[in-house]
């Protein structure tokens, strides 16, 4: 459903992306991997129209949305969990979720308050707490739940578990696997390669704004030198 071809982007005179190619099919989990500063977040911003690409194409179900405003991209079925969570700090958990609620493009909505609370029971317990009263892990759960409430067909997570304790990371991975089982496509950026390989279908590794390697989880496990060369600091 998402097809990115030859994507080029820059900040002023500083070129960041040099022809990124990636695709995510319906129901598929794809990771975007690479060290810090290699262009992962810039790729996400360029897909969502937060940064206008200098070249290439972004297509959703074959429709060219390159450089279109973020709300147009969202309406085509993409939901974003941004780096740093960016929840509304002075709204309650439930208000954060309701604020982004949008009907499904096809029939009854899959993601409602009840279904998000089943996925994240802790959010139901804290539903009257303000966003700034939550822990980092709870804020990340809220950011994921907020994206799901737009009833997207593809969820994009930028730095899915950054700064979270190991036990909370495992909880997030379990929830992402459940989201996949519910039929959602996922594009995820994170540094925990081994955890991602447990449920992701394919991986795309970026090095200095270019795709350096792509392959399946089995292929990634079979080539440990990929992690040593492109992912380890």
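Against the definition (assigned to a loop (DSSP other than H, G, I, E, B) and within 26 Å of residue 1 (Cα to Cα)), how does residue 109 come out, yes or no?
Details: assigned to a loop (DSSP other than H, G, I, E, B): yes; within 26 Å of residue 1 (Cα to Cα): yes.
Taking the combined requirement at face value, the residue satisfies it.
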Does residue 62 fit the bill of being under 29 Å from residue 123 (Cβ atoms) and either out of contact with any helix residue (DSSP H, G or I) (no Cβ under 8 Å at 6 or more places or on another chain) or modelled with pLDDT under 95 (or both)?
no
Cβ pairs under 6 Å, 6+ apart or interchain, first in segment 69-81 and at positive phi and assigned to a loop (DSSP other than H, G, I, E, B), second crowded, with 21+ Cβ neighbours inside 10 Å and at pLDDT below 95, ordered by first then second residue, are 77/152; 77/153
Among (1) modelled with pLDDT under 95; (2) more than 19 Å from the chain's Cα centre (by Cα), residue 94 falls short only on (1)
Subset of segment 46-65, residues over 23 Å from residue 102 (Cα atoms) and in a loop (DSSP other than H, G, I, E, B), comes to 51, 52, 53, 54
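Could you please find all residues in segment 35-53 being surrounded by fewer than 15 Cβ atoms within 10 Å (Cβ to Cβ) and touching a helix residue (DSSP H, G or I) at 6+ places or on another chain (Cβ under 9 Å)?
Pass one, segment 35-53, residues surrounded by fewer than 15 Cβ atoms within 10 Å (Cβ to Cβ): 36-37, 52.
Correct list: 52 only.
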Going through (1) in contact (Cβ under 8 Å) with a residue 40 or more places away in the chain; (2) assigned to a helix (DSSP H, G or I); (3) surrounded by fewer than 21 Cβ atoms within 10 Å (Cβ to Cβ) one by one, residue 114 fails only at (1)
Residues of segment 66-85 being more than 18 Å from residue 144 (Cα to Cα) and buried (at least 21 other Cβ atoms within 10 Å of the Cβ), in sequence order, are none
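What number of residues within segment 17-29 are in a strand (DSSP E or B) and surrounded by fewer than 22 Cβ atoms within 10 Å (Cβ to Cβ)?
Taking segment 17-29 as the starting set, the residues that turn out to be in a strand (DSSP E or B) are 17-24, 29.
Among the residues that remain, those that are also surrounded by fewer than 22 Cβ atoms within 10 Å (Cβ to Cβ) are: 18-19, 21-23.
The total comes to 5.
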query: Would you say residue 103 is within 20 Å of residue 183 (Cβ to Cβ), free of Cβ contacts under 8 Å to residues at least 40 places away in the same chain and either touching a helix residue (DSSP H, G or I) at 6+ places or on another chain (Cβ under 7 Å) or not in a helix (DSSP H, G or I) (or both)?
result: no
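The values are calculated or read from the model by the stated rules, or taken from the named source; none is laboratory data. All of these numbers come straight from a predicted model, not from anything done at the bench. Methodologically, a virtual Cβ is constructed for each residue, glycine included, from the backbone with ideal geometry; neighbour enumeration extends over all protein chains shown.
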